[in-house]
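Peer 1: My questions will all concern the structure given below.
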Amino acid sequence: MTYHHLTYTVTMQNDDGGVILPRPYGEAFDLDDGLDELIASRLNRMEKWRRFWGRLANTWFFTLIRNMIPTLAIFTAVAVMALPDKVDPSVAAFVSASLTLFFISPSVITSNFSLWVGLDRLGARGRTRDEQDSSIERILNTLTESRLHEHMRFSNLLAYSFLLWLADRFPLGDETRGLLLVGSVLTASIAVAHSILVERRTPNHSDDLPFLVHHAPSQHKSTLQDPLTEILVAHLDPESASRFTLWKQSIVGNFTKKKNTNQSIEHILHLVYLHGQNMISHNQLIQEFEKLVGPKKVKDSILENPHLDLPTLSRLMGHTRAWQSDLFRQMDRLQFGLMDHNESIAGHSWRLDASLPLRCGESRGDLFVMVNNLGSKSTPIELEVHVPDGQPSRQRFRLTPVPMTPPDHPLPMWSNDEEDVVTWLSNLVGTAHVLWLGVAWADDIEGRRPIRITIRHVDGQTISSDTLWTHVHPRSSGGESLRRRMGVARTVARRWQNQALTHSDRSKFIAP
């Protein structure tokens, strides 16, 4: 008898933490090869299903029936109680359960896919070191809460159907049957109130930027070198910020003047903002874009950019303006100053502008200060912010704004032949020293409070001073204030994107 000895060679690796272990996938397997593609494929597959079920849930028919089901449930339960001989509880329960499964399930499935996509993109595996955990955790918590509410709505309606079916197991006139029918009416009433809450708080299920509406800014820089770019990024969720970075990289090579690409990016954002405010027409916007990238590259590089097209970029600007309207009001005042050639421009001296919300919730607020040197010489100055009973009460900064002599006459908003506000506004904001400061008060401070802003020469001589007033509210009211601001941002962003969509492909998805 002949025995054949088979020899197996196991390839050993000496880089596994000093421990000699076999490679389970063979010698040719590389940890990096194909792993990224597998993860990306999984993410794309989940995103595809999220968008599929989201589009289905967002159709007008599904939305209408989804909102009507809880109300119909109340009338059905009342009809079963009032007309026991004509309305069969079991049939009503079957119809109600079928409607729930068919019309509520898409939104429930979408909420699950939204959370799974969020966990994969923003969770521990998808998170980079420079991303703020507080912002990400807020988004993930909101997605988890949305899924919980969808499951509760689904469970409430199924519980209602079960109570109707169970009531039919008892004869007419039985006390248990009556209690079950009363319980079904109560359950349906809870479902109505809860459904209204869910529909109000749930954004568009198939949103192209699903995390933006759940994002609230947390950390930011105090000095804004490129104000619009930096404040925009500060108000973007990690995924939207990544797309904005890719958009910047894709558009930089298309500028006709490549000396200062950051200034060109700022100018594009200024133009999108002015267009969103209806200060310039769409044709004027296109002509300004042509000056930046050339007539042949406007469509591919800006209007239909694969990372952020014009409607989506308009949405991001509207979202940012809704969060920090005070900074944009400063830009509006500068714009009107150029159009009217008022004293703040005609003085050819220092220009100080500061903005603070009329109401500061959570005992804190965002103070924006813009200082322009409208003279001809570069001069260092000192800026002091005094917040009585604040934390801290005084802040001092040494500034040296770039000098820029403004025009000596009123400017038109837009002109193709002469100087206009569109050009000068971008230049003046770019040369200004813009500060974004957080001001705060102790928990026991409440009511109308002042903030004083002063700029001085380095020798102590006062140049200009201004006092702002705000109403401070305690921290206990901060949660609803944050939710309200997020809702306002969602509404403004939708209006700006829809406005931009009127000049592009109307079949494109419209954001919530």
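Values in this text are rule-based calculations from the coordinates and carry no lab data. From a predicted model like this one, the values you see are computed outputs, not experimental measurements. Cβ: placed from backbone, ideal geometry, glycine included. Neighbour counts: every protein chain shown.
Peer 1: So what's the gap between the Cα centers of the stretch 272-306 and the stretch 338-368, to the nearest angstrom?
Peer 2: Using only Cα atoms, the two centres lie 28 Å from each other.
Peer 1: Still on this structure, I have one more. So between Ser378 and Thr59, what do we pick up on full extension, going 0.36 nm a residue minus the alpha carbon distance?
Peer 2: Once the chain is fully extended between Ser378 and Thr59, it gains 108.9 nm.
Peer 1: Where does each of 228-235, 318-325, 383-390, 415-422 land if you order them by average Cβ count within 10 Å, highest first?
Peer 2: Result, highest mean Cβ count within 10 Å first: 318-325, 228-235, 383-390, 415-422.
Peer 1: Check cross-link reach from Lys248 to the lysines: straight Cα distance under 27 Å, and skip same-chain residues fewer than eight apart.
Peer 2: Lys248 reaches Lys48, Lys221, Lys257, Lys258, Lys259, Lys291, Lys296, Lys297, Lys299, Lys508.
Peer 1: Sticking with this structure for a sec: Counting Lys +1, Arg +1, Asp -1, Glu -1, what net charge surrounds Glu150 among other residues with beta carbon under 15 Å of its beta carbon?
Peer 2: +4
Peer 1: Would you calculate the convex hull of the Cα atoms in the stretch 185-307 and tell me its volume per residue in Å³?
Peer 2: For the stretch 185-307, the hull spanned by Cα atoms encloses 154 Å³ per residue.
Peer 1: While we're looking at this one, here's another question. At what distance in nm do the modelled label points of Asp332 and Trp49 sit from each other, each positioned 7 Å from its Cα along Cα→Cβ?
Peer 2: 4.6 nm
Peer 1: Next question, about the same structure. Let me see the pair-distance distribution of the chain: every alpha carbon pair, 10 Å bin width, integer percents in order.
Peer 2: 3, 15, 20, 20, 16, 12, 8, 4, 2, 0, 0, 0
Peer 1: I've got another one for you. Residue separation times 0.36 nm, minus the C-alpha to C-alpha distance between His194 and Thr176: what's the value?
Peer 2: Full-extension gain reported as 3.8 nm.
Peer 1: In nanometres, what is the gap between the two model label sites at Gln263 and Val87, each 7 Å from Cα along Cα-to-Cβ?
Peer 2: 7.3 nm
Peer 1: Right, another one. Do me a favour and compute the ellipsoid semi-axes for the stretch 47-206 from its Cα gyration tensor, root of five times each eigenvalue, largest one first, whole Å.
Peer 2: They are 38, 15, 12 Å, listed from largest to smallest.
Peer 1: Would you order Leu316, Leu482 from fewest to most other beta-carbon atoms within 10 Å of each residue's own beta-carbon?
Peer 2: In order of increasing Cβ crowding within 10 Å: Leu482, Leu316.
Peer 1: While we're on this one: What does the extension gain come out to for Asn278 and Ser41, with contour length at 0.36 nm per residue minus their alpha carbon separation?
Peer 2: Working it through step by step, the gained length comes to 81.2 nm.
Peer 1: To two decimal places, what compactness ratio does the stretch 187-232 give when its Cα radius of gyration is scaled by 2.2 N^0.38 Å?
Peer 2: Computed over Cα atoms of the stretch 187-232, the ratio equals 1.90.
Peer 1: Give me the three principal axis extents of the stretch 348-473 from the C-alpha atoms, as integers in angstrom, largest value leading.
Peer 2: Principal extents (largest minus smallest coordinate, Cα): 57, 35, 17 Å.
Peer 1: For the stretch 418-465, what are the per-bin percents of Cα-Cα distances with bins 5 Å wide, up to the bin holding the maximum?
Peer 2: 4, 12, 13, 15, 16, 15, 12, 8, 3, 1, 1, 0
Peer 1: While we're on this one: Can you put Leu143, Leu119, Leu212, Leu38 in order, fewest other beta carbons within 10 Å first?
Peer 2: Leu38, Leu119, Leu143, Leu212
Peer 1: Enumerate the calculated ³J(HN,Hα) couplings along the stretch 181-193 in order (Karplus 6.51 cos²θ - 1.76 cosθ + 1.60, θ = phi - 60°), each rounded to whole Hz, writing x wherever the residue is Gly or Pro.
Peer 2: 5, 4, x, 5, 5, 5, 4, 5, 5, 4, 5, 4, 4
Peer 1: What do you get for the angle between helix 89-103 and the principal long axis of the chain? Use alpha-carbon atoms, 0 to 90 degrees, nearest ten.
Peer 2: Tilt of helix 89-103: around 40 degrees.
Peer 1: Also, I was wondering about something else. For each of Lys296, Lys377, count neighbouring Cβ atoms within 10 Å of the residue's Cβ, then give the residues from fewest to most.
Peer 2: Arranged by neighbour count, lowest to highest, Lys296, Lys377 become Lys377, Lys296.
Peer 1: Right, something else. With each run of n ≥ 4 DSSP H residues scored as -39500 (n - 2.57), what mean residue ellipticity at 222 nm is computed for the chain after dividing by its residue count and rounding to the nearest 500 deg cm²/dmol?
Peer 2: -17000 deg cm²/dmol
Peer 1: Could I ask something else about it? Tell me, what does the Kirkwood hydrodynamic radius of the stretch 161-215 come to in angstroms if you use every pair of distinct C-alpha atoms?
Peer 2: 13.9 Å
Peer 1: Suppose each label sits 7 Å from its Cα in the direction of the beta carbon; what would the Arg396-Leu482 distance come out to in nanometres?
Peer 2: About 3.5 nm, to one decimal.
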